[in-house]
Amino acid sequence: MARTLRGVLPFSARYSCTMAAKDSGPKYTDIVKDVDAGKFLPVYLLMGDEGYYIDMVSQYIADKALKPEERDFNLDIIYGAEARGNDIINIARQYPMLAERRVVLVREFQSLQDKDTLTDYVKNPNPSTVLIFCYKNGRMDARRSLCAEIKKNGIVFDSKRLYENELPGFVNAFMARKKKEIEPAAAQMLCDHVGSDLSRLVTEMDKLLMALPQNENRVGASLVEELTGMSKDFNNFELQNALGNRDILKANQIVKYFDSNPRSFALQPTLAALFNFFSDVLMAYFAPSSSDEDIAKFLGKSVWVCRQAIIPARRSYSGAKVMSIISEIRKTDAKSKGVGGYRSTPGDLLKELIFFILH
């Protein structure tokens, strides 16, 4: 039975404002694992809204399928806007030269006009060819025969954009692969600064690693502040912490800083950060126990992150208050877009919202 929030009716499902679980399907890690084991399929369709994973997976397959000395004769890169389906088929039918396999990488596949001409080939693909379709900024209709045949003989990978609350995990995983660490506050600052553009986020992380002294293995908030121009003391992460701990002075200092630095402040990312934060606070009421570890596991976050603000907020705010805060964030978002004829400045809207939250 679901736990009952103070002043709120019980419910068993996840709160409706949180994102729904993503559809099941092969993850990029599944493809990487198979490729590392030497398992190559004859055809891959990499599609979706997040171009970073499409580029990363396609390049990883090509790099692993061919040795450097084999690529001159066995790697073909084709652009959908410049080719026809039969051109791709003719190249894919060719056998590798002095290599075990050949790779045909079709970029901008979404621009290929006669995709359906590839259906017969996909039904009976050349086993020595690895054909990779890169379909960005959209998805092929799963009902099309071509898509159905690719699923039978290969893999269809859907590259979805990460939600805002998944970005710090992406940053941590990237740093771990580089044998480095990043402070949680620094990771959040970086995500707030860049947003959900993973390619740009990776570029910024590469810059941080280049600037990190050789004898250091941990990226701190000061380094992020130096390279991005963000303040390590006045940002969305610190605002969440101040609100979670009901630190009225600190929260108002941050709001004042935002209002006096309009070039470094954008209301919409701040509202998104607050929306995600208070949604997590609301969900924390439904953790199987009130221990810090169980709450962190339930929310899929680190214990450190939860202890900073989520757990204090769970103690400081009633369930009814959290629900009303989430509602007020939505209203503020609508006001910022002119709904209802509001013409308040972003700074004034944020001041009103923060006052509502704290009082």
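See the values below:
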| item | result |
| --- | --- |
| Subset of the range 99-138 [among the small types (Gly, Ala, Ser) and closer than 21 Å to Ala62 by Cα] | Ala99, Ser128 |
| Residues located in the range 97-107, provided they are at pLDDT 95 or above and either buried (at least 19 other Cβ atoms within 10 Å of the Cβ) or over 15 Å from Asn126 (Cβ atoms) (or both) | Arg102, Val103, Val104, Leu105, Val106, Arg107 |
| When residues of the range 218-236 are limited to those that are touching a residue at least 40 places away in the same chain (Cβ under 8 Å) and closer than 15 Å to Ile354 by Cβ, the one farthest from the chain's Cα centre (by Cα) | Asn235 |
| Residue within the range 324-339 that is in contact with a Pro (Cβ under 9 Å, 6 or more places away or on another chain) and surrounded by 20 or more Cβ atoms within 10 Å (Cβ to Cβ) present | no |
| Among (1) farther than 29 Å from Trp304 by Cβ; (2) hydrophobic (A, V, I, L, M, F, W, C); (3) without any contact (Cβ under 8 Å) to a residue 12 or more places away in the chain - the single one Cys147 does not satisfy | (3) |
| Filtered residues of the range 183-195 (kept if touching a Leu at 6+ places or on another chain (Cβ under 6 Å) and either modelled with pLDDT of 90 or more or surrounded by fewer than 21 Cβ atoms within 10 Å (Cβ to Cβ) (or both)) | Val194 |
| Condition broken by Asp233, with the remaining ones in (1) of a type in the set (D, E, K, R); (2) modelled with pLDDT of 90 or more; (3) exposed (fewer than 15 other Cβ atoms within 10 Å of the Cβ); (4) part of a loop (DSSP other than H, G, I, E, B) satisfied | (2) |
| Exclusive hit being in contact with a Pro (Cβ under 9 Å, 6 or more places away or on another chain) and assigned by TED's automatic domain parsing to the domain that holds Phe237, set Phe277, Phe258 | Phe258 |
| Cross-chain or 6+ apart pairs with Cβ under 6 Å, the range 277-297 first and in a loop (DSSP other than H, G, I, E, B), then surrounded by fewer than 20 Cβ atoms within 10 Å (Cβ to Cβ) and among the acidic types (Asp, Glu) | Ala287/Asp294; Pro288/Asp294 |
| Scan of the range 262-297 for residues that are over 15 Å from Val322 (Cβ atoms) and of a type in the set (A, V, I, L, M), ordered by number | Ala266, Leu267, Leu271, Ala272, Ala273, Ala296 |
| Extreme residue, farthest from Phe133 (Cα to Cα), among residues of the range 110-122 that are crowded, with 18+ Cβ neighbours inside 10 Å and free of Cβ contacts under 8 Å to residues at least 60 places away in the same chain | Tyr121 |
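The values are calculated or read from the model by the stated rules, or taken from the named source; none is laboratory data. Bear in mind that the values here come from a model prediction, so they are computed numbers and not experimental data. Note that each Cβ is placed from the backbone with ideal geometry, even for glycine, and that neighbours are counted across all protein chains shown.
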